[in-house]
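Data block below; observations after.
The values are calculated or read from the model by the stated rules, or taken from the named source; none is laboratory data. Just so you know, these numbers come straight off a predicted model, no measurement behind them. Backbone-built Cβ (ideal geometry, glycine too); neighbour counts: all protein chains shown. Remember, those area values only see protein heavy atoms, side chains included, never the ligands or the DNA or RNA. Shrake-Rupley method; radii C 1.70, N 1.55, O 1.52, S 1.80 Å.
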Amino acid sequence: FDLQPGGERAMLTLSDGSTVLLDTAAQGVLATQARTNILKLADGQIAYRQTGKETARVLYNTITTPRGGEYSVVLPDSSRVWLNAESSIRFPVHFAENERKVEITGEVYFEVVKDRSMPFRVVTGTTMVEVLGTSFNVRAYPDENSVGTTLVEGSVKVFTAGDARHIAPGQRALADNNGLINIEEVDVEEIIAWKNGVFLFNSESIDEIMKQIGRWYNVNIEFRGDPVDKTFSGIVSRKSNVSQVLSLMEPYGINFTITEEMIIVEPVD
């Protein structure tokens, strides 16, 4: 038995609570809100285009990806975002005059259009990331102990209730549950590999690898037997069936049993 990879799947929730399944929606105008057309483009991407002077009333939309889904959106200011599996972004149909603010869960990659008069702010839980124009990745899954912000280019500042730190390209700020921020040097290509369509593991624990596999293949993970304390490195396309990803680790004494709803992980006796 094998599992197919995830794909472009997402739901758009409009300000009135109505929903649109983006992966099955036809190309063209999906809805019009606050004098803004919400479009599905030829490449499947979602974009927001103003049709007239913006209204005073602020309306919010939310795009949510399921386990086994990812999606790309062009925000009202022309910034682009990519949502990894099991993620969401909430944003206004048009941004206010003095700031661009969005709220996220899960993992989202941003390419923000520079506008010095309107800082771009990303809020997730008690952490906020502020930028003017830059490329960065924010990872904030609820089953992880910290919010990770990785800078690809430009400059960002990460805030919590008790700390605030600037980071440089190639650095990641980890904000823990106590509001403390730790900065570390990272391999950016590894962090954003998901956005580029690959799994890239560099001395990664099997726990972390299986979390990613569970989200992307929409499957539960069960560990049996003694804990596996090895780390693994390798690269494989996210378009691969799950057996191809697991084959990276099988030569190292790990057995995987794949069913429709679960992958059982256990060391070979």
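Can you tell me which residue within region 123-133, out of those that are open to solvent by 10 Å² or more (accessible area, probe 1.4 Å) and modelled with pLDDT under 95, is farthest from the chain's Cα centre (by Cα)? Checked region 123-133; the qualifying residue farthest from the chain's Cα centre (by Cα) is Leu132. Considered as a group, the residues in region 46-55 that are touching a residue at least 40 places away in the same chain (Cβ under 8 Å) and in a strand (DSSP E or B) include one that is most open to solvent (accessible area, probe 1.4 Å), and that residue is Gln50.
In region 27-42, what count of residues is obtained for those that are aliphatic (A, V, I, L, M) and within 16 Å of Ser72 (Cα to Cα)?
We begin by selecting, within region 27-42, every residue aliphatic (A, V, I, L, M); these are 29-31, 34, 38-39, 41-42.
Those still in the list that are within 16 Å of Ser72 (Cα to Cα) too: 30, 38-39, 41-42.
Going through region 27-42 one residue at a time, the tally reaches 5.
Figure legend. Inter-residue proximity from region 139-163: first residues closer than 23 Å to Glu208 by Cβ and assigned to a loop (DSSP other than H, G, I, E, B), second residues among the acidic types (Asp, Glu) and open to solvent by 40 Å² or more (accessible area, probe 1.4 Å), beta-carbon distance below 7 Å, spacing 6+ or different chains. Indicated pairs: Asn145/Asp176. Looking at (1) modelled with pLDDT of 95 or more; (2) loosely packed, with under 14 Cβ neighbours inside 10 Å, which is the one condition that is false for Ala140? All conditions pass for Ala140, except number (2). Counted as qualifying within region 178-223 are the strands (runs of 3 or more DSSP E) with 2 or more residues that are without any contact (Cβ under 8 Å) to a residue 24 or more places away in the chain, namely 181-185. Taken together, the criteria place Ser243 among residues that are of a type in the set (S, T, N, Q) and either surrounded by fewer than 13 Cβ atoms within 10 Å (Cβ to Cβ) or in contact (Cβ under 8 Å) with a residue 40 or more places away in the chain (or both). Candidates Val228, Val268: the one that is farther than 25 Å from Asn145 by Cβ, in contact with a strand residue (DSSP E or B) (Cβ under 7 Å, 6 or more places away or on another chain) and modelled with pLDDT under 95 is Val268.
A quick yes/no check of all residues on (1) at pLDDT below 95; (2) of a type outside the set (Lys, Arg); (3) part of a strand (DSSP E or B); (4) surrounded by 13 or more Cβ atoms within 10 Å (Cβ to Cβ):
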residue: Gln4; (1), (2), (3), (4): no, yes, no, no
residue: Leu12; (1), (2), (3), (4): no, yes, yes, yes
residue: Thr24; (1), (2), (3), (4): yes, yes, no, no
residue: Gly44; (1), (2), (3), (4): yes, yes, no, yes
residue: Arg57; (1), (2), (3), (4): yes, no, no, no
residue: Asn61; (1), (2), (3), (4): no, yes, yes, yes
residue: Tyr71; (1), (2), (3), (4): no, yes, yes, yes
residue: Val81; (1), (2), (3), (4): no, yes, yes, yes
residue: Phe95; (1), (2), (3), (4): yes, yes, no, yes
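Every listed requirement among (1) open to solvent by 40 Å² or more (accessible area, probe 1.4 Å); (2) in contact with a helix residue (DSSP H, G or I) (Cβ under 8 Å, 6 or more places away or on another chain); (3) in a strand (DSSP E or B); (4) within 30 Å of Glu260 (Cβ to Cβ) is met by Arg67 save one, (3).
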